[in-house]
Amino acid sequence: MCNSASHTHDHDHDHDHSHVSVVENIMNQNDLLARHNQKLLDASGIFAINIMASPGAGKTSVILKIIEELSDRYKIAVIEGDTAPVTIDADKIVAAGVPATQINTGGNCHLDAHMMMHGLDALDLKGVDLLIVENVGNLVCPAGVALGTHANVVIASIPEGDDKPYKYPNIYRGIDVILMNKIDLLPYVDFDMDYFVTGLEMLNPGLTSFPVSAKTSEGIDGFAGWLEARILEKRAA
Amino acid sequence: MHELAVTQNILNICQRHATQENASQVTDVYLVIGDLSSIIDDSVQFYWDFITKDTICEHSLLHFERIAAKAKCLSCENEFALKQLMPCPQCHSARFKIITGEEFYVDSIKINKNGENHVQ
Ligand SMILES: Nc1nc2c(ncn2[C@@H]2O[C@H](COP(=O)(O)OP(=O)(O)OP(=O)(O)O)[C@@H](O)[C@H]2O)c(=O)[nH]1
Ligand SMILES: [Mg+2]
Ligand SMILES: [Zn+2]
């Protein structure tokens, strides 16, 4: 290996230096793979969502409720992203009678399109109507990392506080649906819904939102209805 | 944030373009990054020095061009700096569109084509 500092410029012969234009988005390769994933989903007639939220916001709990609401009529599959090789969440999904595969990100703070591709490989997609991806619990990193799903969903939970859109703005931009989960806790927490929604409106005007409780099931039917409409659109396409 | 993953993407892009150009060495990498991305330059630099060992990009310099976040009000067309999430300072409308600050790309690289400089 050549690593002597003097080497570079002690020759007399011409060095051919040039400045080459690149102009390539840093996420370009990921986005290409994401498009590939989406084509695969489209070819199978599957509607897919990417659920993002901080740890403990209630991603798995909401998914279980959606399974309750929809799995008698539609075939659902789940990809669980976790930073460690623990299958707690995936086990809960499987126990609810829905196929799930777990992607261990090896400490990585978000799923990416490449991991998603492996998740798709691991699942039997035949007949599946709805694919739910539970991203790694994180309010920063999954933003802007496309997986190839058709809709991005954020779950904000009441105990996290009403200032999250102001502190973590990126996650709320470019999403299609937001759930405000744990509304059963509103009486116990100082959460100013107007302040929260004002921040949200600046980042993502007119965003579809559902206040829900995965504990009492309040509001879950609204989100399930939204999903059902998307599933039927996909079937009709 | 996920600087390691981002830095790996940058390296892949540089390697691919350098190979296309038959480069033997990449000496400089120019990045354009908007302030709305939560990337820390120092961490990218740290990972860069580490992951470029034994590659065509070893010892190359990273240059960051940072772009400030700016918004344009959809009501009064006022352009304002978006240091934090806030309504239009002129008319207080909460409807605006972000016009700069989302940049996130490798703009260019400087390369050597002299075959003797490269690291094996
Ligand atoms: N009171 C109340 N508790 C809830 C609600 N939804 C979830 N929880 C509780 O919140 C905790 C975390 O829920 P999970 O569904 O595991 O959250 P998660 O987002 O999947 O968490 P990670 O996968 O670890 O990031 C559990 O103790 C749930 O029982 C809700 O609507 N109300
Ligand atoms: Mg979970
Ligand atoms: Zn204005």
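Some notes on this structure:
- Of the strands (runs of 3 or more DSSP E) lying entirely inside region A:148-237, the ones with 3 or more residues being in contact with a Ser or Thr (Cβ under 9 Å, 6 or more places away or on another chain), at negative phi and at pLDDT 95 or above are found at A:151-157, A:177-181.
- Within region A:180-219, considering residues that are open to solvent by less than 30 Å² (accessible area, probe 1.4 Å) and within 16 Å of ligand 2 (Cβ to nearest atom), the one nearest to the other protein chains (Cβ to nearest Cβ): A:181
- Only a single item in (1) within 8 Å of chain A (Cβ to nearest Cβ); (2) buried (at least 18 other Cβ atoms within 10 Å of the Cβ); (3) assigned to a loop (DSSP other than H, G, I, E, B) is not met by residue B:38, and it is number (2).
- Checking each residue of region A:162-183 against the condition of being in contact (Cβ under 8 Å) with a residue 40 or more places away in the chain, touching a His at 6+ places or on another chain (Cβ under 8 Å) and over 20 Å from residue A:222 (Cα atoms) gives no match.
- Residues within region A:35-61 that are more than 16 Å from ligand 2 (Cβ to nearest atom) and open to solvent by less than 10 Å² (accessible area, probe 1.4 Å), tallied: 4
- Exclusive hit being touching a His at 6+ places or on another chain (Cβ under 6 Å) and modelled with pLDDT of 95 or more, set A:77, A:34, A:48, A:53: A:48
- Scanning region B:91-103 for residues being part of a loop (DSSP other than H, G, I, E, B), more than 19 Å from residue B:39 (Cα to Cα) and among the charged types (D, E, K, R) gives a total of 1.
- The residues in region A:78-102 that are open to solvent by less than 20 Å² (accessible area, probe 1.4 Å) and farther than 16 Å from residue A:41 by Cβ can be counted, and the count is 5.
- Filter result (acidic (Asp, Glu) and within 16 Å of ligand 1 (Cβ to nearest atom)) within region A:24-71: A:68, A:69
- The number of residues in region B:71-90 that are surrounded by fewer than 18 Cβ atoms within 10 Å (Cβ to Cβ) and not in a loop (DSSP other than H, G, I, E, B) comes to 4.
- Hey, residue B:54 at pLDDT 95 or above, at the interface with another protein chain (Cβ under 10 Å from one of its Cβ atoms), touching a Phe, Trp or Tyr at 6+ places or on another chain (Cβ under 9 Å) and open to solvent by 30 Å² or more (accessible area, probe 1.4 Å) or not: no
- Search result, residues across region B:1-22 that are within 7 Å of another protein chain (Cβ to nearest Cβ), without any contact (Cβ under 8 Å) to a residue 24 or more places away in the chain and open to solvent by 60 Å² or more (accessible area, probe 1.4 Å): B:12
- Only residues that are open to solvent by less than 20 Å² (accessible area, probe 1.4 Å) and in contact with a helix residue (DSSP H, G or I) (Cβ under 7 Å, 6 or more places away or on another chain) were counted in region A:104-124, giving 4.
- Residue check: residue B:47 meets all listed conditions (1) within 11 Å of another protein chain (Cβ to nearest Cβ); (2) buried (at least 16 other Cβ atoms within 10 Å of the Cβ); (3) of a type in the set (Ser, Thr, Tyr) but one, namely (1).
- Some residue of region B:101-116 being open to solvent by less than 80 Å² (accessible area, probe 1.4 Å) and either away from chain A (no Cβ under 11 Å) or within 16 Å of ligand 1 (Cβ to nearest atom) (or both): no
- Selection status of residue B:30, of a type outside the set (D, E, K, R) and assigned to a helix (DSSP H, G or I): no
The values are calculated or read from the model by the stated rules, or taken from the named source; none is laboratory data. Computed from a predicted structure; not experimentally measured. Note that each Cβ is placed from the backbone with ideal geometry, even for glycine, and that neighbours are counted across all protein chains shown. With ligands, DNA and RNA removed, areas are computed over all heavy atoms of the protein, side chains included. Shrake-Rupley method; radii C 1.70, N 1.55, O 1.52, S 1.80 Å.
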